[in-house]
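Data block below; observations after.
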Amino acid sequence: MTLDISITPSANPKTEAQVAEILENPGFGTHFTDHMFTVEWTPEKGWHDARITAYGPLTLDPATAVLHYAQESFEGMKAYRHEDGSVWTFRPFENAERMKRSSHRLALPVLEPEDFVQAVEALVEIDQRWVPEAGSEKSLYLRPFMFASEAFLGVRPAKHVTFMVIASPAGSYFTGGIKPLTLWLTTEYTRAGRGGMGAAKTGGNYASSLVAQQEAIAQGCDQVVFLDAQEGRYVEELGGMNMYFVYGDGRIVTPETGTILEGITRSAIIELAGKMGHQVEERKFSIDEWRDGVASGEITEVFACGTAAVVTPVGTLKWDGGEVGSATETGPLTTEIRQSLVDIQYGRRPDEFGWMHKVI
Ligand code: PLP
Ligand code: COI
């Protein structure tokens, strides 16, 4: 705990009735808690002026560097309420370490992991009534983010950077709840190249995914699948989720890291599957292996995973000229992995991996 955080409680918090109504049906990313965390950085002072204040709009100079050159990174994590009322985060130091890696790639200053976790958990603490009740599979989604806040149009790393955390109660990321997704394979767009920003969690990667996602929706699909930029042959990930492929003989494959986001859910599943007796292969996985494997019945389950999406089954893969798969139900291993993960997150199963971090 190295940040000295000043706290100015909101003069206008939502009433208990308003919070209850929002938590009834929070959706994803539309409602925000009463407070936000902010800390600023300059080369002279380092990180300073850490504060929790009422949630509200920012005033930015039109020349603020992030608006022009996208020097930014963010994280996505959740706080979960357990049956006894306590509130926990899931592997928060992994998010902190990933933000540190994103900072290196984006030439942003490093916020030390203990400061990152302190900031996130201080916000959860003050807004704890916004963490949905246990047993609901709802949670409080946490969005730490860091951006170039210097007003300057020269192209160089900003000399004024702001790190903030906001929080938003969350239900299912997909409006239809948990049902198998239909994916669209884009052959026109890629999300990351060699030496690019694919492994960093930075807004630009999401901006570049939007037109492909629009194409997916126009094709009647839920999400877009990206292939590698060099050969257009290997499966990378979805716009906001990593991918898993399950073979009938028990093998599980997930695309190797390098140009994809190193998902914290992805890595948790490698450990969980290991405990279940499945050795996960992290390797290049070609689109032909996917198509042929599903068509021949060798691949029996496909699923996507991420903080927002948790573990979501994939039913069908479509591309320009064809489709494979038709699963309408969640497969048994997908169900087991999903259940084990959420049971640990909600404290219904012992946390033998040491993943949960108690906030309250
Ligand atoms: N891939 C992308 C592009 C993402 O945005 C996310 C979500 O954060 C993931 C994968 C999954 O990562 P995590 O499990 O850490 O949420
Ligand atoms: C997450 O799962 O936390 C994400 O960031 C995915 C999406 C909401 C961008």
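Laboratory data are not the source of any read-out in this text; all were calculated from the coordinates shown. Just so it is clear, the model here is predicted, and its values are computed rather than measured. With ideal geometry, Cβ positions are generated from the backbone for all residues, glycine too; neighbour counts draw on all protein chains shown.
Placing +1 on each Lys and Arg Cβ and -1 on each Asp and Glu Cβ, with no other charges, gives region 1-141 a dipole about its Cα centre of roughly 360 debye. Three semi-axes describe the equivalent ellipsoid of region 151-232; taken as square roots of 5 times the Cα gyration tensor eigenvalues and ordered largest first, they are 29, 22, 11 Å.
Relative contact order of region 173-300: 24 percent, from C-alpha pairs under 8 Å at least 6 residues apart in sequence.
In terms of surrounding Cβ atoms within a 10 Å radius of their Cβ, E329, E298 rank from fewest to most as E329, E298.
Classify region 230-299 as rounded, prolate or oblate, taking a ≥ b ≥ c as the square roots of the eigenvalues of its Cα gyration tensor: rounded when a/c is under 1.5, otherwise prolate if a/b is larger than b/c and oblate if not. The shape class here is oblate.
As an equivalent ellipsoid, region 252-360 spans semi-axes of 27, 15, 13 angstrom, where each value is the square root of five times an eigenvalue of the C-alpha gyration tensor, largest first.
Sequence-ordered 3J(HN,Hα) estimates for region 150-167 from the Karplus curve with 6.51, -1.76 and 1.60 and θ = phi - 60° stand at 6, 8, 6, 9, x, 8, 6, x, 5, 9, 9, 10, 10, 10, 9, 9, 10, 9 Hz, glycine and proline given as x. In this structure, the residue pairs whose Cα-Cα separation is over 31 Å, taken from K284/K318; K14/K159; K179/K275; K201/K358; K318/K358, are K14/K159; K318/K358. Summing Cβ point charges (Lys, Arg +1; Asp, Glu -1) relative to the Cα centre of the chain gives a dipole of roughly 400 debye.
I need to check one value: relative contact order of the chain, counting alpha carbon pairs closer than 8 Å and at least 6 residues apart, in percent. Contact order relative to length: 18 percent.
Summing Lys and Arg as +1 and Asp and Glu as -1 over all other residues whose Cβ lies under 15 Å from the Cβ of A218 gives a net charge of -3. Of all DSSP bridge pairs formed entirely within region 6-170, close to 95 percent run antiparallel.
Shown for M241, M36, M276: other C-beta atoms within 10 Å of each C-beta, ranked fewest to most, produce the order M276, M36, M241. Structure remark: mean-square fluctuation, Gaussian network model of the chain, C-alpha springs under 10 Å; the largest value among P62, P13, P144 belongs to P62. According to the calculation over all Cα-Cα pairs in region 6-170, the P(r) per 5 Å bin from zero is 2, 9, 17, 20, 20, 15, 10, 6, 2, 1, 0 %. With the Cα gyration tensor of region 153-194 giving a ≥ b ≥ c as the square roots of its eigenvalues, does the rule (a/c under 1.5 for rounded; else a/b larger than b/c for prolate; else oblate) give rounded, prolate or oblate? Since a/c reaches 1.5 but b/c is at least a/b, the shape of region 153-194 is classed as oblate. Which of L272, N242, V314 sits closest to the plus end of the dipole of region 234-314, meaning its Cα is farthest towards the positive end, when Lys and Arg get +1 and Asp and Glu get -1 on the C-beta? Going by the charge dipole, the pick is L272.
Kirkwood analysis of the Cα pair distances in region 181-345 returns a hydrodynamic radius of 15.8 Å. Based on Cα contacts under 8 Å between residues 6+ apart, region 1-92 shows a relative contact order of 25 percent.
Quote the Stokes-Einstein diffusion coefficient, in whole µm² s⁻¹, for the chain, based on the Kirkwood radius over alpha carbon pairs, a temperature of 37 °C and a viscosity of 0.692 mPa s. Walk me through the intermediate numbers first.
Working: Rh = 21.4 Å.
The diffusion coefficient I find is 154 µm²/s.
Could you state the per residue volume, in Å³, of the convex hull enclosing the Cα atoms of region 126-272?
Given the Cα convex hull of region 126-272, per-residue volume reads 186 Å³.
Each of W47, W41 was scored by other Cβ atoms within 10 Å of its Cβ. Arranged with the fewest first, they read W47, W41.
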